[in-house]
Amino acid sequence: MKLAHVAARFLASIWATMSALSANAADKPPLELAKTGYLYAGGHVDEAVEGQPMVGHLYAEFMIPAKLTHPYPIIMIPGGSQTGTNFTGTIAGDEGWAQYFARRGYAVYVIDQVARGRSAYWSPTVFAPLAPANINFVEQRFVAPERFKLWPQAHLHSQFPGSGTREDPYFQAFLATQFPSLADFGRQQKINTEALVALLDKIGPAILLTHSQSGAYGWPVADQRPNMVKAIVAIEPSGPPMHDIVFSGAPDWFKDAAPTKISGLGDIPLTYDPPLAGGSALEVEQQAQPDKPDLVRCWTQKAPARQLPNLRSIPIVIIMSEASYHASYDHCTAAWLTQAGVPNTFIRLADVGIHGNGHMMMVEKNADAIAGVIEKWLATAVPGK
């Protein structure tokens, strides 16, 4: 109930801006930047590897607008198999969220995850084996879920450009952006959390914008640097709590994957109060019935729930699209945070008049409209100058 009340406060103001945010990119004036460039953060020299390379570092490109009107930059962190290109342009060739927010006075840092893209991968010995991007996964989860209907909301997807078939040029353009990822997600969480903390230490306080897989990094980064993370914009963050979901289509739709998540929200320990004794696990229970028939049954802590004190003062918004596989479970992540004493705003895009989006909403046809929702929330949660 609290989540619905919090989100409702933003609906009227967001609705009022939607029509203005649908303007074509061709109508935009040139983007004026004071500085653009790149940096690396984190990492170390690995003397055990031939050549003694730098490993464990991340790449970040930045845009500093000529008219800087907001005190904190936005760090944009792509999800699984993705790179920073998710935020620097859409599949249809329009500007991305990086340019959108730079135009509105935010400094923006767009990263490539450790061991991906321009953040060098060296060997399985240094990191972990690589898992290649899978065309079936790309097709079923990102580009054309409406054809496969693996979850109840999939048929609503309509915002990816083109026909969604493998031969379509937009499909091919998106497939070209997919990268191998480390097969060990626990390892990914550790090295990316370390590198993102190093980035914060290097550039100063910032807003984290996470997506999907990288949502699992945002919580421990904020837990370790609570005074430096000024807000978290979690775009369909890695979830739901405790167990990932296996999608099987009608009539059963969902089942829990076997592995459990150490912190509830991921595999990096978080600061709970009361603290967890060494080696002990969170005590959890699952809903007997879902909130609605088309949703998963959430896992929650058993009462009294342990709290997450380092996150409670950080403004947090979770944004969920209408047709993504996350539409069946992101409410569970919001509920987990609330139970742990962490206020958050949960926005269903359909509730603010934005329909048809899938998980890769930032590269879809109406990406600017979604950026407008984020902008509106940030204006209230983290005011500018």
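Worth a mention:
- Some residue of the range 148-164 being surrounded by fewer than 19 Cβ atoms within 10 Å (Cβ to Cβ), within 25 Å of F247 (Cβ to Cβ), out of contact with any strand residue (DSSP E or B) (no Cβ under 7 Å at 6 or more places or on another chain) and of a type outside the set (G, A, S): yes
- Filter result for A379 (outside any loop (DSSP other than H, G, I, E, B) and without any contact (Cβ under 8 Å) to a residue 12 or more places away in the chain): yes
- For N366, the criteria (1) closer than 20 Å to T90 by Cβ; (2) crowded, with 24+ Cβ neighbours inside 10 Å; (3) of a type in the set (S, T, N, Q) hold in every case but one, which is (2).
- Applying the criterion of being farther than 15 Å from L282 by Cβ and assigned to a loop (DSSP other than H, G, I, E, B) to the residues of the range 252-267, the residue that is modelled with the lowest pLDDT is A258.
- Within the range 78-97, not a single residue is at negative phi, modelled with pLDDT under 95 and aliphatic (A, V, I, L, M).
- Candidates A107, A115, filtered to the one that is farther than 30 Å from E322 by Cβ, surrounded by 17 or more Cβ atoms within 10 Å (Cβ to Cβ) and either in contact with a Leu (Cβ under 6 Å, 6 or more places away or on another chain) or in contact (Cβ under 8 Å) with a residue 60 or more places away in the chain (or both): A115
- The range 235-251, residues that are acidic (D, E) and either in a strand (DSSP E or B) or out of contact with any Pro (no Cβ under 8 Å at 6 or more places or on another chain) (or both): E236
- Positions within the range 36-53 being touching a Phe, Trp or Tyr at 6+ places or on another chain (Cβ under 8 Å) and in a strand (DSSP E or B), in sequence order: T36, G37, Y38, L39, Y40
- Exactly one residue out of S81, S123 is part of a loop (DSSP other than H, G, I, E, B), under 15 Å from T177 (Cβ atoms) and in contact (Cβ under 8 Å) with a residue 40 or more places away in the chain: that is S81.
- Positions within the range 231-266 being over 14 Å from L295 (Cα atoms) and more than 16 Å from the chain's Cα centre (by Cα), in sequence order: M242, H243, A257, A258, P259, T260, K261, I262, S263, G264
Residue by residue, here is whether (1) in contact with a strand residue (DSSP E or B) (Cβ under 6 Å, 6 or more places away or on another chain); (2) surrounded by 14 or more Cβ atoms within 10 Å (Cβ to Cβ); (3) farther than 18 Å from I319 by Cβ; (4) modelled with pLDDT under 95 holds:
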residue	(1), (2), (3), (4)
H5	no, no, no, yes
A8	no, no, no, yes
M18	no, yes, no, yes
L21	no, yes, no, yes
A26	no, no, yes, yes
E32	no, no, yes, no
G42	yes, yes, yes, no
E47	no, no, yes, yes
Q52	yes, no, yes, yes
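- From the options I191, I232, residue that is assigned to a strand (DSSP E or B), modelled with pLDDT of 95 or more and not charged (D, E, K, R): I232
- Contact map, the range 282-296: first residue part of a loop (DSSP other than H, G, I, E, B), second residue β-branched (V, I, T) and buried (at least 18 other Cβ atoms within 10 Å of the Cβ), Cβ cut-off under 9 Å, separation 6 or more or different chains; pairs are Q287/V296; Q287/T300; P290/V296; V296/I245.
- In the set (1) in contact with a Leu (Cβ under 9 Å, 6 or more places away or on another chain); (2) over 21 Å from L295 (Cα atoms); (3) not hydrophobic (A, V, I, L, M, F, W, C), the condition left unmet by Q140 is number (2).
The values are calculated or read from the model by the stated rules, or taken from the named source; none is laboratory data. Since the structure is predicted, the reported quantities are computational estimates derived from the model, not experimental observations. Neighbour counts are summed over all protein chains in view; Cβ atoms, including those assigned to glycine, are modelled from backbone coordinates with ideal geometry.
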